[in-house]
1. Residue check: is His77 open to solvent by 30 Å² or more (accessible area, probe 1.4 Å) and farther than 24 Å from Lys10 by Cβ?
2. List every residue pair whose Cβ atoms lie under 7 Å apart, where the two residues are 6 or more positions apart in sequence or sit on different chains, the first residue falls within segment 19-30 and is on the phi < 0 side of the Ramachandran plot, and the second residue, located anywhere, is in a helix (DSSP H, G or I) and β-branched (Val, Ile, Thr).
3. Could you list all residues from segment 24-55 that are among the charged types (D, E, K, R), in a loop (DSSP other than H, G, I, E, B) and at pLDDT below 90?
4. When residues of segment 81-131 are filtered for being of a type in the set (A, V, I, L, M), open to solvent by 20 Å² or more (accessible area, probe 1.4 Å) and either under 19 Å from Ala33 (Cα atoms) or assigned to a loop (DSSP other than H, G, I, E, B) (or both), how many remain?
Amino acid sequence: CLTSIPGVGKVYAAGLIAEIGQIDRFEDQTKLAKYAGLSWKVKQSGNYQSEHTPLTKQGNRYFRYYLVEATNSVRRHLPEYGEFYAKKYQETPKHQYKRAIVLTARKFVRLMDTLLRNHQLYTPPRSVLET
């Protein structure tokens, strides 16, 4: 299923599958993303919220590594992910690369979860051709 996604080769797919195990052990894609540790610590007091917060180090670090590396490859092959990455890169004021790639990885988790649960191959979104 995963190798059908442009940019995900056998090594990334094998690493992701090895770290996930059976997809059925996760209730949904949010639990899968939490397992990877794709979230930031919250630092706030009153109305102040810090923008300088690191990723939580909870979760499987090997899964997070394969996920971020595969996402980085996918964003170069799929225009949809490249555009999403560029948009998030412009929106974030600090640590632009790190935050944008993790937000794109979060989007990739949704795709990966759907493909693995439904045993589907990736099909690119259809485009409307004007004549």
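The values are calculated or read from the model by the stated rules, or taken from the named source; none is laboratory data. Just so it is clear, the structure is predicted and the values come from calculations on it, not from any experiment. Because the Cβ atoms are built from the backbone with ideal geometry, glycine has one as well, and the counts that use them run over all protein chains shown. Keep in mind that these areas ignore ligands, DNA and RNA; they rest on the heavy atoms of the full protein, side chains included. Shrake-Rupley method; radii C 1.70, N 1.55, O 1.52, S 1.80 Å.
1. Considered against the rule, which asks whether it is open to solvent by 30 Å² or more (accessible area, probe 1.4 Å) and farther than 24 Å from Lys10 by Cβ, His77 comes out as no.
2. Gln29/Val109
3. Within segment 24-55, the first condition is being among the charged types (D, E, K, R), and the residues that meet it are 24-25, 27-28, 31, 34, 41, 43, 51.
With the extra rule that they be in a loop (DSSP other than H, G, I, E, B), the set shrinks to 27-28, 41, 43, 51.
Of everything in segment 24-55, those that are among the charged types (D, E, K, R), in a loop (DSSP other than H, G, I, E, B) and at pLDDT below 90 turn out to be Lys41, Lys43, Glu51.
4. Quick first cut of segment 81-131, residues of a type in the set (A, V, I, L, M) only: 86, 100-103, 105, 109, 111-112, 115-116, 121, 128-129.
With open to solvent by 20 Å² or more (accessible area, probe 1.4 Å) added as a condition, the list becomes 86, 103, 111, 116, 121, 128-129.
From what's left, either under 19 Å from Ala33 (Cα atoms) or assigned to a loop (DSSP other than H, G, I, E, B) (or both): 103, 111, 116, 121, 128-129.
The number of residues fulfilling the criteria is 6.
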